[in-house]
Amino acid sequence: MEDVIAGNEVTLVLPRVTSRDHLVEELAAAGVQGKFLRKRPHIKSKSVAGKWVKKVREGAGLTQEQFAVVYGVDLKTLQKYEQCVSIPAAAVLSYFQMIEADPEAVKRLRIEK
């Protein structure tokens, strides 16, 4: 736990809250900056997955090659996602969702490892 605290950044998955504003206020009072992930699209087809993955990558302002290196994603796998050949696993979708929300924070976490 101390390693997590020392890292200055942590991702928490919280149950549904009644008010985001109230939660952010409570976190701020405790000295914590809260960020919310956008709900990812319901991925029910390779086409939807591919478009969303490409949007995440482009939102980070990176080429496929750069994205693969910076975020530790296999280039050929990323290309398969974007070409609508395969759908990322749930864990990969969650990782991409974190990248979409704050690409710089995820990049810092990877660099500091």
The condition of being in a helix (DSSP H, G or I) and either among the aliphatic types (A, V, I, L, M) or within 16 Å of the chain's Cα centre (by Cα) (or both) holds, among 85, 70, only for 70
Looking only at residues in the range 1-24 that are acidic (Asp, Glu) and not in a loop (DSSP other than H, G, I, E, B), which one is modelled with the highest pLDDT? 21
Quick one: residue 91 ticks every box in (1) modelled with pLDDT of 95 or more; (2) part of a helix (DSSP H, G or I) except a single one, so which number is it? (1)
The range 69-94: number of residues that are among the hydrophobic types (A, V, I, L, M, F, W, C), free of Cβ contacts under 8 Å to residues at least 40 places away in the same chain and surrounded by 12 or more Cβ atoms within 10 Å (Cβ to Cβ): 7
Please indicate, with yes or no, whether at least one residue in the range 55-62 is in a loop (DSSP other than H, G, I, E, B) and surrounded by 13 or more Cβ atoms within 10 Å (Cβ to Cβ). yes
(1) at pLDDT 95 or above; (2) exposed (fewer than 15 other Cβ atoms within 10 Å of the Cβ); (3) on the phi > 0 side of the Ramachandran plot all hold for residue 66 apart from (3)
Just for the range 95-108: of the residues that are assigned to a helix (DSSP H, G or I) and acidic (Asp, Glu), which one is surrounded by the most Cβ atoms within 10 Å (Cβ to Cβ)? 100
Go through the range 25-50 and give me each residue that's surrounded by 14 or more Cβ atoms within 10 Å (Cβ to Cβ) and either in a helix (DSSP H, G or I) or modelled with pLDDT of 95 or more (or both). 27, 46, 48, 49, 50
Quick check on residue 111: is it surrounded by fewer than 17 Cβ atoms within 10 Å (Cβ to Cβ) and either in contact (Cβ under 8 Å) with a residue 40 or more places away in the chain or in a helix (DSSP H, G or I) (or both)? yes
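The values are calculated or read from the model by the stated rules, or taken from the named source; none is laboratory data. No experiment lies behind these values; they were computed from the predicted model shown. Backbone-built Cβ (ideal geometry, glycine too); neighbour counts: all protein chains shown.
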